Amino acid sequence: MRVVVAPDKFKGTASARELTAAIVGALVDAGHDAVAAPMADGGEGFLDVLGGANRTDTVTGPLGDPVDAPWRISRGVAVIEMAAASGLMLVGGPEENDPVAASTYGTGELVSLAVESGARRVLVGVGGSATTDGGIGALRALHPTQRFRGIELIVACDVRTRFVDAADVFAPQKGATPAQVKLLHGRLERLAQVYEEESGVVVGDIEGSGAAGGLAGGLASIGAELVSGFQLVADEIGLDELVEGADLVITGEGFLDDESFDGKVLGGVAELAHELGVPCLALVGEVVEPLPELPVGLTVISLSEMFGAERSMADPCSCAARAVQSFLSERR
């Protein structure tokens, strides 16, 4: 068979590239033609699946400390992963974060460096942020923003949340107390008014503008285009051409829940496979009950159910490879 392997990362345990390599190896050993297509939706792993870093620069971290942020530039196209400059993991997770003070300034510094280095097209993957600053930190780093006219700035969003809602939906995950969520909500409301007054852009009406705590909306106010992160990556690697005519597509992610079908990799790959009439297998670390209604042609294997939670967390790559071998043997 010709099999396309297009998983997302298993957050915290395996990258999309690592999972892809393990699954491809199992397929090749079984005599199949395997096509590697590791995926991302704009969150962590975005830079890796689009070629990986070839530059590293020191920028301002989310809480003001310097951080070494990897990014990529090639042939006038820059790829930036905001989590590398303003990510939650840079501060040690929600327990160590200051959700009110956390800033996207370092992400703005990376965008500025990219343009100064000759980039005319800048892809910014947003996800995994420590911030709910509405992008004001990034805009301060980009000042004066008029110098970015003529630059194609594209924000790859991993959620569809709108600008002001980012505080209520995501700030608690970044360590914010209920009182801080209320404060951040009010701050985003005021910023939305400021952006509209200064640029005429009504960021609150833009789907995905709440991504990365409103960074997406802030960048939209200076002319950035907000797009589906999954679709951007799929277009960049030509996923539809790879899937067309395949005998099977394998995708996956750490947790399967309703959000998996709302702009995420698993849902996007499954939908594409269905449109092209190709069966799809999804390998997931865990299914969060109740199981959402699955698209036609999608089979789901839970690694935690097959191998146990401890083993699937400790070694998801070998578990994924074994699961694929088992699935194919049953199809014979």
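Where a number appears in this text, it was derived from the coordinates with a stated rule and is not lab data. Since we're looking at a predicted model, the values are computed, not measured. Methodologically, a virtual Cβ is constructed for each residue, glycine included, from the backbone with ideal geometry; neighbour enumeration extends over all protein chains shown.
Descriptive notes on the structure:
- Residue separation of Ala30 and Phe255 scaled by 0.36 nm, minus their Cα-Cα distance, works out to 78.3 nm of gained length.
- Bridging of Lys9 to lysines at a Cα separation below 16 Å is possible for Lys264, once same-chain residues fewer than 8 apart are set aside.
- Label point distance in nm, Asp98-Glu241, each placed 7 Å from Cα along Cα→Cβ: 4.9 nm
- Theoretical FRET efficiency, 1/(1+(r/R0)^6), r = Cβ-Cβ of Asn54 and Gln146, R0 41 Å, to 0.05: 0.90
- Taking one quarter of the surface of the C-alpha convex hull of the range 214-268 gives a mean projected area of 5.1 nm².
- Annotation: the antiparallel percentage among DSSP beta bridges lying fully within the chain is about 25.
- Summary of packing: across the peptides 83-92, 137-146, the per-residue average of other C-beta atoms within 10 Å ranks them, highest first, as 83-92, 137-146.
- From the largest down, the chain spans 63, 45, 34 angstrom on the principal axes of its Cα atoms.
- Spin-label model distance (nm) - Asp262 vs Glu293, 7 Å beyond Cα toward Cβ: 1.6 nm
- Peptide ranges 35-43, 267-275, 102-110 listed from the most packed, as the mean C-beta count within 10 angstrom indicates: 102-110, 35-43, 267-275
- Seen from all directions on average, the range 46-230 presents a Cα convex hull projection of 9.0 nm².
- Average Cα contact separation per residue, the chain, under 8 Å, 6 or more apart, as relative contact order %: 19 percent
- The angle between the Cα long axis of helix 105-116 and the longest principal axis of the Cα atoms of the chain comes to about 90 degrees, rounded to the nearest 10.
- Per residue, the convex hull volume that the Cα atoms of the range 1-103 enclose (Å³): 114 Å³
- Modelled spin labels at Arg75 and Phe327, positioned 7 Å past Cα toward Cβ, are 3.2 nm from each other.
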